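Each reported figure results from applying straightforward, stated rules to the coordinates on display, with no laboratory input. Source: prediction; values computed, not measured. Note: ideal-geometry Cβ built from the backbone for every residue, glycine included; neighbour counts use all protein chains shown.
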Amino acid sequence: MTDTTTSLPPARRLPAAAWGQMFLAESRMIVRDTSGLLIPIGLPLLLMVMNGIGDGGDVVLPGGATVMNAILMPLTITMVVTLVGVVNMPSFLASYRKYGILKRLAVTPARPAMILVAQMLVSLVQVLLGVALMMGVAAAFFGVTQPQSLGWALLAGGLLLAAMYGVGILIAALAPTTNAALAIGLGAFFVMLALGGGFGQVSALPDVLQAIGAALPFGAGNAALSAAWVGAVPEARHLLALGAWAVVTGGLAAKFFRWT
């Protein structure tokens with residue numbers, strides 16, 4: 001039987017300029033895709049502003065925190081991370097496979113893994129831009145403050161990024177087409193959003209759905225950020241859930257990712 005596996009040339013150490021050029025190329029691709037740039041940044045910002053100017057934005061909860069600090073900011077940050085990691089990134093990577101970009105890179109010193117790293121870095125910039133924009137607007141107009149437990153918030157945010165990126169790369173690894181990657185990503189986003197408090201209080205859901213939502217990365221990340229924002233320590237089960245999603249999905253993506 002003939003072995004049809006493509007033999008890749010040995011990896012070579014590339015200068016920093018090559019990585020910089022790859023990052024700039026990926027940045028240009030993101031900027032040219034207007035919907036891919038505006039949706040993860042503009043949509044959560046719009047939702048936050050609409051909630052902020054509503055009647056409930058400045059309501060003070062029993063613990064002393066406002067709804068904006070305890071609920072809306074963690075929710076919108078989680079939404080940004082999820083949209084970028086689970087919807088945007090898989091569709092870009094799947095389109096690169098469709099047009100043979102990954103296959104052509106496989107026979108060059110650049111190697112296809114470079115485009116994966118560059119896409120993750122560009123996605124991270126999107127996340128940081130979206131969060132910074134929301135924080136700036138929320139602080140200026142709605143009295144939002146930084147998390148009272150900043151260290152725990154940074155830990156929860158880092159684990160949330162890792163978990164959502166793992167889910168996103170796994171979707172890109174398994175999706176046969178660009179449209180399939182987009183459809184799976186959007187489906188996963190809305191399921192996690194519904195079970196993680198995006199459409200209302202989680203306490204209104206049946207106990208089984210509450211447990212499922214808390215185990216998913218959106219619900220776990222949202223809960224952990226909410227706790228850190230009001231000065232509490234996030235529950236261990238939420239942090240462990242985020243770490244487990246990052247490790248498991250990252251491992252599966254590494255095993256099943258197809259460059260061609």
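Distances between placed amide hydrogens fall under 5 Å for T66 paired with L61, all partners being 5 or more residues away or on another chain.
Fewest Cβ neighbours within 10 Å first, please rank L239, L124 accordingly.
Ranked by crowding around the Cβ, least crowded first: L124, L239.
Each peptide in 213-224, 128-139 gets a packing score, the mean of other Cβ atoms within 10 Å over its residues, and the list from highest to lowest is 213-224, 128-139.
For the peptides 245-251, 145-151, 167-173, the ranking by packing is 167-173, 245-251, 145-151, with the highest mean count of neighbouring Cβ atoms within 10 Å listed first. Going from the residue with the fewest nearby Cβ atoms within 10 Å to the one with the most, R28, R97 rank R28, R97.
Fewest-first ordering of W229, W152 by other beta carbons within 10 Å of each residue's beta carbon gives W152, W229.
Multiplying the residue separation of T177 and L154 by 0.36 nm and removing their Cα-Cα distance gives an extension gain of 4.8 nm.
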